[in-house]
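What follows is calculated from the coordinates using simple rules that are stated; it is not laboratory data. If you're wondering where the values come from, they're calculated on a predicted model, not measured in any experiment. Ideal geometry is used to build each Cβ from the backbone, glycine not excepted, and the neighbour counts take in all protein chains shown.
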Amino acid sequence: MPNIFPFFTVVFITLLVIGLLYFFAINKVINLLKNNHPLKYEKLGKPSLFLNNSIQNGLNLVRFIFTSDDLNDVELTKYKTVARYTLIANLLIFLPFFVYINVRVLFKI
């Protein structure tokens with residue numbers, strides 16, 4: 001049975017870095033909404049990183065970063081794009097790795 005610890009370490013560090021970039025970008029999106037677009041911020045349910053989090057607020061925020069808006073804010077659009085791509089990258093790395101690890105455990109490979 002080959003040792004997967006080095007592979008696991010590389011994937012974990014990659015996911016950690018991309019995750020931190022996502023949290024930075026989504027925090028900037030939330031702050032820009034709160035400060036520059038309070039009506040949109042309230043419409044999204046006043047999302048935050050940790051407080052006032054509900055499933056609906058999280059879904060509203062993710063839906064917001066995946067859709068275009070009419071706010072005409074270049075900086076907001078830039079951070080929405082970073083958040084969108086880092087979220088997609090995290091999912092594209094995590095899900096196959098999760099399946100790979102579970103297949104190894106299930107079939108004792």
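Compute the whole-percent fraction of alpha carbon pairs in the range 30-79 spaced more than 17 Å apart. Tail fraction, whole percent: 27. In units of the rule-of-thumb radius 2.2 N^0.38 Å, the range 63-109 shows an alpha carbon radius of gyration of 1.77.
When the Debye formula is applied to the Cα atoms of the range 5-107, each taken as the same point scatterer, what base-10 log of I(q)/I(0) results at q = 0.13, 0.17, 0.20 Å⁻¹? Per q value, in the given order, log10 I(q)/I(0) is -0.54, -0.80, -0.98. Couplings for the range 51-59, taken from phi via the Karplus curve 6.51 cos²θ - 1.76 cosθ + 1.60 with θ = phi - 60°, read 8, 6, 8, 10, 4, 5, 4, x, 5 Hz in order; Gly and Pro are left as x.
Across the chain, the mean sequence separation of Cα contacts (distance under 8 Å, 6 or more residues apart), normalised by length, yields a relative contact order of 36 percent. Of the chymotrypsin sites (Phe, Trp or Tyr not before Pro) found in the range 1-62, those that fall in a DSSP loop while having at most 14 other beta-carbon atoms within 10 Å are Phe50.
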